[in-house]
Amino acid sequence: MRKFYIYLLVISIATVICGVFTWANKDAFLQFPWKKDFSFDYLSLATADANNYYLIDRSLKRLSKVNTAGELQYIIKATDSTSNLHLLNEVVADANGSFYVLNTYLDSRGFYVEGEEIAKYNAEGKVDKVMYRKDYGRINRPEWVGRVKSLKINNGFLYFFSVNDRDVSLKRVTLDGESAEDVFKFQLPHDTYLSEIAGTAAGSIFYTTKKGRIYWVDASGKSIQIFAGDNRSLPINLDVDSNNCLYFADMGNKKILYLNPDTEKVTASTVSTKDPAPKTILSANKLSQQGFDLPFSLINSVRVNQDGSMVIAASDHAISITPTGKVNSALGNATYPGHMLAYNWFVWLQPLLILVLLTLAMKIIYFNIMARSIPIVVKQIIVFVPLMVISMAIVSIISYNTLSDTIEKETFSKLKLLSHLGTQVIDGDRLEGINGPGDFMNSDYRSLQQEIDVMLKEKTWNSEAKYYTVVYKVDKDNLFVALTDDNSRSPYYPYEWDEAFTGVLDGKIITGQESDPDGSWMYAIGPVYNSAGEIVGEFETGIDQKGFNEQRRALLSKLGRSITIMALIVAAVFMAMSYFLLSGIRTLRKGVNNVARGNWDTKVSVRTKDEVADLCQSFNTMSEYILRYINKITLLNESYFRFVPQQFLKFLQKENITEVELGDQVKQEMVILISNIHSFDTISKEISPEESFKIINGFLNEVGPIIRENDGFINKYTGAGIIALFPGETRDALTAAIAMQRQVEHYNSERINSGYQPIEIGIAVHKGPVMLGIVGEEKRMEGTVISDNVNLTETLEKITHKFSASILLTEDVYMDIFNWESYRCRLLGSIEVENKALPVTVYDVFQGEPEHARKLKQETSDLFEDGVILYQDGRFYDARTKFVEVIRRNSRDEAAKLYFFLCDEYFKGGTPEHWSGTIGT
């Protein structure tokens, strides 16, 4: 049994290990192991080193490392908590394989930035150290976007900007992670409206504004405009190479441009008419000319690598190009390497392995430990607890879905109402006054912004939700962003038409959910009319789903905890009640087990006053009846065994007397012991029958226990004698025979003291096969033993008195006992037995005779045996001399006298014909 507990312990440990491993790798279940392609989803940023791409997608929630062959190396995911949302905003790689990630932590609603950090990762994707961290208090926290920007590696340093309103600080930290230091500080001019910034040293810093301008910051900190472009130009995603050449994306014209400003000739008086002309590096047309038919409408990042090449994130593709615009590759997806697919398969197989382990554990518990017996409590738990948990889970899921749907409907209702108010409040004529990035913060822009702010403040909205607003302008067949509540986008930022925006043109308010590189949103969009009643724009309001989804996850987690706690409480109460209610059954089971172990007098006591108590009372009654019946049967069996020895039934392979049938028989090698009272017929004539029975029973009472003590059994009583069988060792019969003689000697002492005549017994012992069986007829059967060996033993017992021998045994017995040092015996010679073709050699064992007789036989034993040998050789004269000497010393030795007379007869008259050295019986 112990080994099964060890098996169970090993299986339990293995199951826990598999469970922990499965939980730690639960994200692997989001990817089918047979799917080899790894797709990019809302690609936000792409950069590269000499051997790998580093890609941020899924609304800034996932970072992937992909080698240049297109094989996925590993994935790093943003880790949200109950109090924070985590975004992966930027990544940059050094020449040693390490990379640096800008982590932004928002509050649970996804509105305020609570902290930012730059973490260094080694080539294996493990966090090495935190290079820089900035935590924000509750006052003046940034909204949506943090203040750390533009990670860049140059000359063994990691550079980045910290922007706080107009104050800009260029910082750097060594790649070993020493404390950050300020490299250069400057202030932005009033009403600059910074959009993006790049650079790594004083005199090589550039930034863009919401008005679509690019400025260069000289060594003194002055901002000098170097690019204005046309009215539709919208420079974003700028980066600087090692030669201070500027690369950026013009979202208005959907191009990647290159600008090499001669900063030595640029002065503060530079105006847009003298701006250096940028060169087009890449566009949709140039992509098509190089054989890459890719959409180029959504350009999310432009990164210049240390070797001068660039990586562009556009329309879920990482496009690698040279400084001249030659496309090296366009990575639209990656492939899982073999080891990762194998690992995913291994993770997916864990639940199956856990199921196998649990099945094996249940098998061991059921078959080996519980012996296919399941307690009622366990059965109730197996059935009731899962049903209860499933029921509670169903109720919780329904409640969760109902609450989620209710919250979602209420949210959409508020968004729809707010969007409807926006269509009423927003002045479409002023919207028509915004015609390009240069109109950012003009009078029409500010007026629209004020109208939206007043509208939001006049309504009492849920303080837990933070709404965003966007005003779009419809310009012919194009859709542009005109205004955002946080001013994060420049006017005339191009936007793609979709079904929602198209539906608004019909005058409807459209609600829905959407994801883009910046996140996931719930929104409502309504039309904006001018004074002529024409739709000139669209107003969108919504909330970030990060906070909404976090609330749903919190609700689901709370429901899950509640279900777990309730299930545990109900299960504990149920088990306690079941244990109490079934205590009477346990008591009854204990009583039944005691009865099964043979404790027939078992009584059980239950005071529950219910059906179980009635059952226990019936059990007690039944127990009393069984006890009486068992006692009766036991007494009856004991009585049967007095007539038919139990060993006899055992040899016949019968459990009890009722199984015995006429003709049952078995052949067995046994030692036969036959004993009788000498001259009992003569004795019985002189006494009454009653005294005869007393003598017989007295003799049998003395010798019966001796037979049993030496592993023998009495097969038959023969008047004044017994036939006993010894199925075990031959020595057992000899030991019993000697003990019988000594016990009779003790018995005779008591008879003499009581005035009765002593008795003498003779014992013969022989060994050989016998046939045990049942004889008789249908109504009267008897167990008996049939064998010529039994007849021989009877003959030997009859002649014991003739040779004055108390115990005679045959040579078969003598040869089976190897150690004769502890016994006293002598060779008696060969005897002719009737119906036996060959003579039988017998021995006289005088170990149990009285001391004086034993002593005389011991003293003359050698003389006697010499005489027997001389007799058998036909040297009768010499033999007679030996026997004369024996008789002279022991006048009561009848065997010596018999041999003496035979020697004298044969010496004088010769031997009979065919004599062979024997004596007759």
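Quick check on my filter: what residues within the range 1-16 are modelled with pLDDT of 90 or more and either in contact with a Lys or Arg (Cβ under 8 Å, 6 or more places away or on another chain) or surrounded by 12 or more Cβ atoms within 10 Å (Cβ to Cβ) (or both)? Listed by number, the residues that qualify are Val10, Ile11, Ser12, Ala14, Thr15, Val16. Taking the criterion of being closer than 17 Å to His766 by Cβ and open to solvent by 50 Å² or more (accessible area, probe 1.4 Å), the only residue of the range 704-717 that qualifies is Lys716.
No other residue among Met340, Met362, Met388 is out of contact with any Leu (no Cβ under 6 Å at 6 or more places or on another chain) and closer than 21 Å to Trp23 by Cβ apart from Met340.
Please tell me if Ala219 is within 18 Å of Tyr247 (Cβ to Cβ) and hydrophobic (A, V, I, L, M, F, W, C). Spell out how you get there, then give the answer.
On the way: within 18 Å of Tyr247 (Cβ to Cβ): no; hydrophobic (A, V, I, L, M, F, W, C): yes.
The answer is no for Ala219.
Against the conditions (1) modelled with pLDDT of 90 or more; (2) under 36 Å from the mean Cα position of the chain (by Cα), Gln380 satisfies every one except (1). Taken as a whole, the condition of being exposed (fewer than 15 other Cβ atoms within 10 Å of the Cβ) and either more than 34 Å from the chain's Cα centre (by Cα) or in the same structural domain as Asp485 (by the TED database) (or both) does not apply to Lys558.
Consider Arg708 carefully, then state whether it is closer than 30 Å to Ser822 by Cβ and free of Cβ contacts under 8 Å to residues at least 12 places away in the same chain. Considered against the rule, which asks whether it is closer than 30 Å to Ser822 by Cβ and free of Cβ contacts under 8 Å to residues at least 12 places away in the same chain, Arg708 comes out as yes.
Scanning the range 464-512 for residues that are among the polar types (S, T, N, Q) and either in a strand (DSSP E or B) or crowded, with 18+ Cβ neighbours inside 10 Å (or both) gives Thr469, Asn478, Thr484, Ser490, Thr511. Taking the range 734-853 as the region of interest, the strands (runs of 3 or more DSSP E) fully inside it that hold 3 or more residues being open to solvent by less than 40 Å² (accessible area, probe 1.4 Å) and either under 30 Å from Gln872 (Cα atoms) or in contact with a His (Cβ under 9 Å, 6 or more places away or on another chain) (or both) are 761-777, 807-810, 825-832, 840-845.
Looking across the range 488-519, the residues that are of a type in the set (S, T, N, Q) and touching a strand residue (DSSP E or B) at 6+ places or on another chain (Cβ under 7 Å) come down to Ser490, Thr511, Gln513. The condition (being surrounded by fewer than 16 Cβ atoms within 10 Å (Cβ to Cβ), assigned by the TED database to the domain that holds Arg303 and within 26 Å of Leu238 (Cβ to Cβ)) is satisfied by just one residue among Asn155, Asn103, Asn122, Asn89: Asn155.
On the stretch given as the range 350-366, residues that are open to solvent by less than 90 Å² (accessible area, probe 1.4 Å) and either farther than 15 Å from Val10 by Cα or basic (Lys, Arg) (or both) total 3.
The values are calculated or read from the model by the stated rules, or taken from the named source; none is laboratory data. Please read these numbers as outputs of a predicted model, since none were measured by experiment. Counting neighbours? That spans all protein chains shown, and the Cβs are built from the backbone with ideal geometry, glycine included. Each accessible area value is taken on the protein alone, full model and side chains, heavy atoms only, with ligands, DNA and RNA left out. Shrake-Rupley method; radii C 1.70, N 1.55, O 1.52, S 1.80 Å.
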